[in-house]
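What follows is one structure encoded as structure tokens, with my remarks underneath.
The values are calculated or read from the model by the stated rules, or taken from the named source; none is laboratory data. Just so you know, these numbers come straight off a predicted model, no measurement behind them. No Cβ is skipped: glycine too gets one built from the backbone with ideal geometry, and neighbour counts run over all protein chains shown. For the accessible areas, the whole protein counts, side chains as well, though only heavy atoms, and no ligand, DNA or RNA atoms are used. Shrake-Rupley method; radii C 1.70, N 1.55, O 1.52, S 1.80 Å.
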Amino acid sequence: MPVCHVTHHRLDLDGIDIFYRADGPQDAPVVLLPHGYPCSSYEFRGLMPLLADRWRLLAPDFPGCGYSATPDDFAYDFDGYADFLERFIRHLGIERFALYLHDFGSQIGLRLAIAQPQRITALIVQNGDIYEDQLGPKYAALQRYARRVCTGLPA
């Protein structure tokens, strides 16, 4: 296993104390690693050194998670976290990046990718969740089908 060069950082993001881990060359292509729930950037501690020879890796702790602050006035929902992620990368001066997404981080990262597709160089989605309350009316037919298949009852 490669020698670990993961570094730990803090930044003030609009008055919120944010912790993040970084690895890899500053001039390398960026891979953003939003974590799943209820975890933190800690989950990437083994992956980051394996990719750091050719990628700049950034793994923030979301507000309310890991070593980041838990402000009272933060919007603790997918949109609030997506807004946080956008402000985080802007603060670091990141213009283009790949996203590695999984768990509830997939809902957050996909919102960012949909809002600004020109900034995304790649999407890697592993075991991404979908939440029924986020589906909206365009998925009504799929929901009826799933109910019928899973329960054997009419939709």
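Side notes on the structure shown:
- Failed item in (1) open to solvent by 90 Å² or more (accessible area, probe 1.4 Å); (2) under 22 Å from ALA113 (Cβ atoms); (3) touching a helix residue (DSSP H, G or I) at 6+ places or on another chain (Cβ under 7 Å); (4) not β-branched (Val, Ile, Thr), with TYR37 passing the rest: (3)
- Residue check, ALA98 among the small types (Gly, Ala, Ser) and not in a helix (DSSP H, G or I): yes
- A search for C-beta distances below 8 Å between a residue of region 105-123 that is over 23 Å from PRO38 (Cβ atoms) and among the hydroxyl-bearing types (Ser, Thr, Tyr) and any residue that is modelled with pLDDT of 90 or more and not in a helix (DSSP H, G or I), counting only pairs 6+ apart in sequence or on different chains, returns THR121/PRO29; THR121/ARG96; THR121/PHE97; THR121/ALA98.
- Considering only residues in region 8-18 that are closer than 25 Å to ILE120 by Cβ and open to solvent by 10 Å² or more (accessible area, probe 1.4 Å), the one that is modelled with the lowest pLDDT turns out to be ASP14.
- Scanning region 19-46 for residues that are under 18 Å from GLN126 (Cβ atoms) and basic (Lys, Arg) gives a single hit, ARG45.
- Matching residues in region 13-26 - criterion: being in a loop (DSSP other than H, G, I, E, B) and under 25 Å from TYR76 (Cβ atoms): ASP14, GLY15
- Within region 53-64, the residues that satisfy the criterion of being within 14 Å of SER41 (Cβ to Cβ) and either touching a strand residue (DSSP E or B) at 6+ places or on another chain (Cβ under 7 Å) or surrounded by fewer than 20 Cβ atoms within 10 Å (Cβ to Cβ) (or both) are LEU57, LEU58, ALA59, PRO60, ASP61, PRO63, GLY64.
- Residues in region 67-94 that are part of a loop (DSSP other than H, G, I, E, B) and closer than 27 Å to PRO25 by Cβ were compared, and the one that is most open to solvent (accessible area, probe 1.4 Å) is TYR67.
This table checks each residue for (1) aliphatic (A, V, I, L, M); (2) at pLDDT below 75; (3) exposed (fewer than 14 other Cβ atoms within 10 Å of the Cβ).
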{"site": "LEU101", "(1), (2), (3)": "yes, no, no"}
{"site": "GLN107", "(1), (2), (3)": "no, no, no"}
{"site": "ARG111", "(1), (2), (3)": "no, no, no"}
{"site": "ILE114", "(1), (2), (3)": "yes, no, yes"}
{"site": "PRO117", "(1), (2), (3)": "no, no, yes"}
{"site": "THR121", "(1), (2), (3)": "no, no, yes"}
{"site": "LEU142", "(1), (2), (3)": "yes, yes, yes"}
{"site": "TYR145", "(1), (2), (3)": "no, no, yes"}
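Residue by residue, here is whether (1) under 17 Å from the mean Cα position of the chain (by Cα); (2) assigned to a loop (DSSP other than H, G, I, E, B) holds:
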residue	(1), (2)
LEU11	no, no
ALA28	no, yes
PRO34	yes, yes
TYR42	yes, no
ARG54	no, yes
